[in-house]
Amino acid sequence: MHRRKFLKNSSIGTAGILSAPALVSCSEAPAANPVTTSPGPVVVCTWDFGNATEKAWGVLSTGGSALDAVEAGVRVEEADPGNQTVGYGGRPDRDGRVTLDACIMDPEGNCGSVMALEGYVHPISVARKVMEETPHVILVGEGAARFAAEQGFETQDLLTDASRAEWEQWKVEAQYKPVINIENHDTIGMLALDVNGNIAGACTTSGLAYKMQGRVGDSPVIGAGLYLDNAVGGATATGMGEEVVRTVGSFLIVELMRQGRTPQEACEEGVRRIMEKNKGRRDFQIGFLAINKAGETGAYCIHPGFSYRRFDGKGHRNIPSESALKS
Ligand code: SD4
């Protein structure tokens, strides 16, 4: 049942509605400006997720929609136990529970999100169902899990032996306190521009390792971890979600592009705003990635070492972000 039909049928009507793959490091010195020009189709994602971009490209190159492409693309990482920041095999919270966050946005500006979802490998697909099958945008925790079950998703234990062993070790070493870690990476944010010039985006994560139970970062928050305006472009984020939420990072980047900045310039400004608020503190990581309607892409990160994948008609490239701060 699609959203419109749900609204029509619903008794509530309109009331109140609303390890990972190797991280390709770049040098301390800024790399070549990664802005590239090419009309769609094109797909980009945070970090070095070649299989995910290839999957999305398979959809885009056969005329599929940007929305189908980003969902299919990020599902690859959700299913990969080798990526311990996303989906199956994700690192648990400090109580040993794997809780997943994801959101998705389509070219019409519809969006869906799940937060702290447990027991389902593909939170991105549950988020899409929230978008398409309910009058709501966000479902959390038990409510999200119940909805997933109603939609026919299969439950699965997401805590792998590898993640459990690391967690046990962390409890000993960290004395059961959550840690701030600049190495919080491998969340996948993906943006696609399809053959019709439409943009969609998806973002999915298990969040910060050993977070407090119930903690939610930026990744499932529309405007923070992901945002797009089909007339302008899209943006997504990875890193310390609290900082991205504080600056509504992805929304900011899209608005900066609306005002004429390139994706690269907008990402740099997004990082600068966060640095400004933190007065030079550098014990966390933030990476932004953006695309505009012309298929130009850009990325920027507080620390060197951020890269992103771009797949377009000219092939599959891994582009180091211009990560080092200029000042
Ligand atoms: C979060 N932004 O939950 C996520 C973490 C992340 O790669 O990006 N990890 O804050």
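The values are calculated or read from the model by the stated rules, or taken from the named source; none is laboratory data. It should be emphasised that the depicted structure is a prediction, and the values quoted were computed from it without experimental measurement. Positions of Cβ are generated from backbone atoms using ideal geometry, with glycine treated the same way; all protein chains shown enter the neighbour counts. SASA here: full protein model, heavy atoms, side chains in, ligands and nucleic acids out. Shrake-Rupley method; radii C 1.70, N 1.55, O 1.52, S 1.80 Å.
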The answer for residue 100, listing residues at least 5 apart or on another chain whose modeled amide H is closer than 5 Å to its amide H, is 116, 117, 118
If you take the beta carbon distance between residue 151 and residue 279 as r and set R0 to 35 Å, what does 1/(1 + (r/R0)^6) give as a FRET efficiency, to the nearest 0.05? 0.20
Here the gain from full extension of residue 97 to residue 272, 0.36 nm per residue of separation minus their alpha-carbon distance, amounts to 59.6 nm
Please tell me which of these pairs span more than 30 angstrom C-alpha to C-alpha: 55/293; 211/277; 129/211; 129/171; 277/314; 55/171? 129/171; 277/314; 55/171
Any aspartates and glutamates with Cα under 18 Å of the residue 279 Cα? List them, leaving off those in the same chain fewer than 8 positions away. 242, 243, 268, 269
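Express the carbon and sulfur contribution to the solvent-accessible surface of the stretch 39-112 as a percent, rounded to the nearest whole number, probe 1.4 angstrom. Kindly include the intermediate steps, with their values, before the conclusion.
Values: 890 of 2080 Å².
The computed percentage sits at 43.
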If you build the convex hull over the alpha carbons only and average its shadow over all orientations, what do you get for the stretch 176-303? Give it in nm² to one decimal. 7.4
Take residue 259 and residue 173, extend 7 Å from each Cα along the Cα→Cβ direction, and tell me the distance between the two endpoints in nm. 4.2
